[in-house]
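First the structure, in the form of C-alpha cells, and then the observations on it.
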Amino acid sequence: MQIAELNRYPVKSMLGESLRELSFDARGAEADRLWAVTYDDGKLGSGKNSRRFRRTEGLLHYRASYASGVGARPRVTLPDGGELRDDAHLASLLGAEVRLARETSVGHFDDGPVSLATTASLRAFGDLLDQGAADMRRFRKNIVLDTDEPWTEEAWPGRELALGNELVLRVQARLPRCVMTTMSQANGVPEDRRVLKTLTEEREMCFGVVADVLTPGTLRVGDSARLL
C-alpha cells in the first residue's frame, strides 16, 4: 500500500488543503480541524444538527488554508474568490452571530483524530452508485491509501498500521458518514443525495475508518504503509 493523498482541513466543515507532506501527533493530523465556525452558545458550524453542531449552510463553499503558518488563524477564501476579513465579516456572510474560534478543551473531531480510506473502496463505491467513479473529496479523509482490493480497511479495527518511516496508527472503527457527503462543494463536487442513501443501504452508512496516533511522524505522498 502507498499514500495516495494527504489532506488537512484547518476549519471544521470547510474545504481544506491537499498536501504533499503532513505531520501527525497525538491529536491527529497537525492542526487539522483546529478552528471552527462557533456560535455564541458554543455549538460548531457543520452540515448537520446535533447536540454539538448546528447546521450552517454553505460552509463547503469556503476554503481554509494556513497561509500565515500552521495553526495560525487560517486564510478563508470565499465563494466569490475574495478573502474573509474578520469575524464581523463572517457573521454578516452567514447571517448569524458566529466567530472563527480555535479549539480549546473540547475537540472538534466527530469520531476520532485521523480518518483514512482506500482508492479501491472508492472505486467499488462508485460502482454501487452506478456512475463509474465516486469522488473522494466528499469524504474529507486525512489519508488516502492506494490499494487493489476494496473494503479491506473495514477489517482493520484493532490493528496497527505503520506508515512511512515513523508514523504508527491504531485503527479504531469503521467511520459512519453524514449528510455532508451529499452536499455540493466549491471545488466542483455537485450535490448528490444518492451518496448517503447508497452508503446506508449497502455499507451500513460507513466509508473508511478512524484511527488514533500511537507513534507520531511525518508522511509524504508515495510513502508505503503496512499492517503490523
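Quick notes
- Residue-wise HN-Hα coupling along region 47-61, computed from phi with Karplus coefficients 6.51, -1.76, 1.60 (Hz; x: Gly, Pro): x, 9, 9, 7, 4, 9, 10, 10, 4, 10, 5, x, 4, 6, 9
- Least to most buried among T38, T198 (fewest other Cβ within 10 Å first): T198, T38
- Here the Karplus relation 6.51 cos²θ - 1.76 cosθ + 1.60, evaluated at θ = phi - 60°, turns the backbone of region 93-107 into coupling constants of 5, 8, x, 8, 7, 10, 9, 8, 10, 7, 4, 10, 7, 9, x Hz, with x for every Gly and Pro.
- Proximity of backbone amide H atoms, modeled 1.01 Å from N, is registered between L219 and L22, S23, F24 at under 5 Å, excluding neighbours fewer than 5 places apart on the same chain.
- Note on R63, R73, R220: ascending count of other Cβ atoms within 10 Å places them as R220, R73, R63, the fewest first.
- Listed candidates [x] 1.03; [y] 1.06; [z] 0.95 - label of the one calculated as Rg/Rh (Cα atoms, Kirkwood Rh): [z]
- Going from the fewest other Cβ atoms within 10 Å to the most, the residues V179, V189 appear in the order V179, V189.
Read-outs: derived from the displayed coordinates by stated rules, not from any lab. Since the model is a prediction, treat every value here as computed from it, not as a measurement. FYI the Cβ positions are ideal-geometry reconstructions off the backbone, even for glycines, and counts take in every protein chain you see.
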